[in-house]
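Trainee: One structure follows; several queries about it will come next.
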Amino acid sequence: MNVNTITSHPYTDQRPGTSGLRKKVSVFRKPHYLENFVQAVFNTLEEMAGMTLVLGGDGRYYNREAIQIILRIAAANGVGRVLVGRGGLLSTPAASCIIRKYGAQGGIILSASHNPGGPEGDFGIKYNTANGGPAPEKLTEAIYAETLRIDRYRITDPHHVELDTLGEQHLGEMAIEIIDPVADYADLMANLFDFHAIRQLFDSGRFRMRFDAMHAVTGPYAKEILEHRLGAEPGTVMNGEPLADFGRGHPDPNLTYARDLVDILWGCSSPDFGAASDGDGDRNMILGARFFVTPSDSLAILAANAHLVPGYRQGIRGIARSMPTSQAADRVAEALGVPCYETPTGWKFFGNLLDAKRITLCGEESFGTGSDHVREKDGLWAVLFWLNLVAAKRQSVEEIVRAHWQRYGRNVYSRHDYEGVDAEAANGVIDDLRAALPDLVGRQYGDYRVALADDFAYVDPIDESVSESQGLRIIFEDGSRLVFRLSGTGTQGATLRLYVERYEPDTTRHGIDTQEALADLIAIADELTHFRRRLGREAPTVIT
Ligand code: VG1
Ligand code: CO
């Protein structure tokens, strides 16, 4: 094996965002761009000689080419062994599972998650550590610093690794093992959930579901688990073939982009249960017949009912939610007598709490839910959790949610995304609001008086690292909230997110339309910032 040292020059835009480095495919294809970033990761790791690495991606355009390049760089840098998902596929939660199960020192996951793919679309790369979770901010910042000074990388001569055949190959000294991307993950799910009860549900003939894999990575996982292991009827999984451009879709499981599934669930012979997952399989959307489960509610409901699921029968230690996620989970934590942590947006902030066994479940409003079984959010896991609850409680999705609201009250919640807006205008809205925050406290807007207004900062309770500027929040005296935040995963212009929450204890009002219930608060958000006019947008791109 011949190792070459290639001279290169730094790029200044390789700072990982909320979840890894995401750019247009055309950017990743610039000379030395991917190579620099991967070398920067290796340069930053303390111990890497002989290490075992996990490698795979969501199957999007450029996945296979990137894997070939990364394998050559890994071999040139002394990596001992790489476990690669067959066909270059690994969902994000499966990669996390495999890192943990085989004691790998880390993993490289290729995905831009919910962002569209294809030659004109997005590509992404992230590094996960030995606990199976996303690199913490300290590490991503160190990698970024390295990308700013990198002037060479090491790579072997061109070499083609056969990605589609299971088994071991070698690239110089480095062993490459092509593994089944699904089996270990499916086994883990079978250990956590009552597969027998879920199988009976499908066998009864009275329960039907559809799972929309959105032509992304979860197709093979969902087919194996739902159709093969659990006996759901063939065809339960739709759009189940991973495609490089996701069938030209936008693999984001929400009411806007998972339209096919939504139409089926709102149709006349609707199945009882609907679910969808995103590009890399870590997000989930849960639907009942003509019913949408808000992700924040989903986290609270899973927590409140975890004792019904074999893997969590012992009870849960605590819950964590990202700051913009609704406070529904806090109410459950209080009732259970366990702590509830509020973290910044992004899964990397849950890792320390999970490792320190402070929490068992965690989640985000952005269709992300997970637990201590891996160190990533996990789409199919959430779907199986819900199926287990439906089987155990013998209730429909809607009945389970309404019963939850009955007991805990309803945190009416919505997120409005203004995607692809002018970055300068969006920064202006945020900067001006940040400057105005100190004056807002005590002010009255309609029925609401401001109790607290700040730029959210987080001190990690385990390692005391500090993360600042994680979103502007305006909290009113009755606990209602407005949160403004700029997305850290987009690749074009800026995306402004407005998160709106109001607590409704009155059960007679739980049927109210979400947007109607939040209309006053949404109007206040505009009154405070005039953001619609400043962004030149009448309405959000996506409402969830
Ligand atoms: C978004 C979500 C955030 C999530 C992140 C990664 O980030 O809001 O909750 O953790 O995507 O999800 P942002 O910075 O755009 O708001 V995934 O499934 O795209 O890896
Ligand atoms: Co994702």
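No lab work stands behind these numbers, since they all come straight from the coordinates. What you see is a predicted model; the values in this text were computed from it and never measured. In this analysis, Cβ positions are derived from the backbone assuming ideal geometry, glycine residues included, and neighbour counts consider all displayed protein chains.
Trainee: Tell me the relative contact order for the chain as a rounded percent, counting alpha carbon contacts under 8 Å between residues six or more apart.
Mentor: The normalised contact order for the chain reaches 13 percent.
Trainee: Step through the residues of the range 346-357 one at a time and calculate ³J(HN,Hα) from phi using the Karplus curve (6.51 cos²θ - 1.76 cosθ + 1.60, θ = phi - 60°), rounding each to whole Hz and writing x for Gly and Pro.
Mentor: x, 5, 4, 7, 8, x, 4, 5, 5, 4, 7, 6
Trainee: I need the calculated FRET efficiency for the pair LEU308 and GLU233, taking r as the beta carbon distance and R₀ as 30 Å, to the nearest 0.05.
Mentor: 0.75
Trainee: Let me ask you something else. Hey, with R₀ at 30 Å, roughly what FRET efficiency would ASP520 and ARG407 work out to, going by the Cβ-Cβ distance, to 0.05?
Mentor: Calculated value: 0.70.
Trainee: A follow-up question, please. Rounded to two decimals, what is Rg over Rh for the range 211-347 when you use alpha-carbon atoms and the Kirkwood radius?
Mentor: That ratio equals 1.01.
Trainee: Oh, and also: Number of Lys-Lys pairs in the chain under 22 Å by Cα, sequence gap 8 or more or different chains?
Mentor: 20
Trainee: Within the chain, which whole H helices from DSSP have a Cα span along their axis of at least 18 Å and a mean Kyte-Doolittle hydropathy of 0.5 or more, if any?
Mentor: TM-like helix candidates: 63-76, 379-393, 514-529.
Trainee: Which order do the peptides 122-130, 24-32 come out in when sorted by mean C-beta neighbours inside 10 angstrom, highest first?
Mentor: 122-130, 24-32
Trainee: Give me the distance between the Cα centres of the range 508-528 and the range 266-301, rounded to whole Å.
Mentor: A separation of 22 Å, based on Cα centres.
Trainee: Still on this structure: Please list, ordered by chain and number, the residues whose modelled amide H lies under 5 Å from the amide H of VAL54; skip anything fewer than 5 residues away on the same chain.
Mentor: Residues meeting the criterion, in which the H sits 1.01 Å from N, are LEU83, GLY106, GLY107, ILE108.
Trainee: May I ask for log10 I(q)/I(0) of the chain at q = 0.05, 0.09, 0.12 Å⁻¹, from a Debye sum over the Cα atoms as equal point scatterers with solvent left out?
Mentor: Summing over Cα pairs of the chain leads to -0.19, -0.64, -1.16.
Trainee: Output the relative contact order of the range 410-543, whole-number percent, from Cα pairs under 8 angstrom with separation of 6+ residues.
Mentor: Rounded, it is 36 percent for the range 410-543.
Trainee: Give me the net charge of GLY235's neighbourhood, meaning all other residues with Cβ under 14 Å from the Cβ of GLY235; Lys, Arg count +1, Asp, Glu -1.
Mentor: Neighbour charge sum, excluding GLY235 itself: -2.
Trainee: Calculate for the chain the 222 nm mean residue ellipticity that helices alone would give, adding -39,500 (n - 2.57) per DSSP H run of length 4 or more and normalising by residue count, nearest 500 deg cm²/dmol.
Mentor: -9500 deg cm²/dmol
Trainee: Follow-up question, since we're still on this one. Given labels modelled 7 Å from the Cα in the Cβ direction, how far is it in nm from GLU168 to SER204?
Mentor: Going from the GLU168 label point to the SER204 one covers 4.8 nm.
Trainee: Given a Förster distance of 51 angstrom, what is the FRET efficiency for ARG152 paired with LEU440, based on the Cβ-Cβ distance and rounded to 0.05?
Mentor: Taking R0 as 51 Å, the efficiency between ARG152 and LEU440 is 0.50.
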